[in-house]
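J.: Provided herewith is a single structure, encoded as C-alpha cells, for subsequent inquiry.
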Amino acid sequence: MSKRLGGTGLDLSGAGYCVAFNSRKAARAITKLYDLELAPSGIRSTQFAVLITLARSQPVSIGGLAEAMLIDTTTLTRSLRLMRKQGLLTISERSTMRQRFVTLTREGTSALEKSLPQWRRVQTRFLNAIGKEHWKVLQQELARLSAIARTLETSRPPTATVASRTLSPGAAKRGGYVIDDTFGA
C-alpha cells in the first residue's frame, strides 16, 4: 500500500527509510554538537577534521587529503581556501605532477592544540552517552557502509549521472575504506 502525503499525490512510501537522508540527519546533529563545543577555539568540526588529517600526514596533496577524508576535491578546495585565508594552512603552487600540497601553519597547529581539549570533552560526553563498546561496533559498521557505498558507486550503470570521486588503485582494491582511528575511540 502506498502513502500519498502532503497533498502532492506522490508515492512517498519508503522515503522515511532513506539511507542518505537518515545518515545526513544524524551527521548534522553530531556536527552541530561538536561545532558548539569547538566554538571557543574558533574552528568548526569540519575544520578540525582537516587539521587532524593534515597533522597526521603533512604535507599532503589536495587529492590525497580528499581521498583520506572521503570528500570531493571541489568541496575540499573551497574549505581549504577559507582555512588558508584564516592562516591555518598553506597550499603550494602546482608541482611538476600538477599537484598542490597542503601544510599546517603555526596558526593551524595552534588552533588544533587549542581545540583538542574541547574536542576531547565533547568526544568523551558523546561516547559516554552512546557507550564506548557501541561506538566501536558502530565505527566498524560505518566503515563497512562506506565501503559498500563506494563499491556501488563504482559499479553503477554507465548511464548514471552522479558526480563521482576517483580512488587510487590501492584504495579501490581495499574497497576504498579502512576504519580510521584519527580521532581515537
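J.: If I take R0 = 25 Å and measure r between the Cβ atoms of His134 and Thr73 in this structure, what FRET efficiency does the formula 1/(1 + (r/R0)^6) give, to the nearest 0.05?
T.: Values: r = 34 Å, r/R0 = 1.34.
Computed FRET efficiency for His134 and Thr73: 0.15.
J.: May I ask you to give the average projected area over all directions of the convex hull of the Cα atoms of region 18-127, in nm² rounded to one decimal?
T.: Numbers: hull surface 30.1 nm².
Seen from a random direction, the Cα hull of region 18-127 projects 7.5 nm² on average.
J.: Can you compute the label reach from Leu36? Point 7 Å from Cα along the Cβ direction, backbone N cut-off under 13 Å, restricted to region 111-149.
T.: Of the residues in region 111-149, 122, 126 have backbone N under 13 Å from the label point off Leu36.
J.: Between Ser23 and Arg94, what is the FRET efficiency for a Förster distance of 45 Å, r being their Cβ-Cβ separation, to the nearest 0.05?
T.: Numbers: r = 35 Å, r/R0 = 0.77.
E between Ser23 and Arg94, to the nearest 0.05, is 0.80.
J.: If the chain between Thr154 and Ser13 were fully stretched, how many nm would it gain, using 0.36 nm times the residue separation less the Cα-Cα distance? Don't jump to the answer; show the numbers that get you there.
T.: Numbers: separation 141, 0.36 × 141 = 50.76 nm, distance 2.75 nm.
Length gained, Thr154 through Ser13: 48.0 nm.
J.: Residue separation times 0.36 nm, minus the C-alpha to C-alpha distance between Leu82 and Arg144: what's the value? Spell out each step's value before the answer.
T.: Details: separation 62, 0.36 × 62 = 22.32 nm, distance 3.18 nm.
Gain in length upon complete extension: 19.1 nm.
Bear in mind that the values in this text are calculations on the coordinates, not laboratory data. The structure displayed is predicted, hence computed values, not measured ones. Quick reminder, even Gly has a Cβ in these numbers, built from the backbone with ideal geometry, and neighbours come from all protein chains shown.
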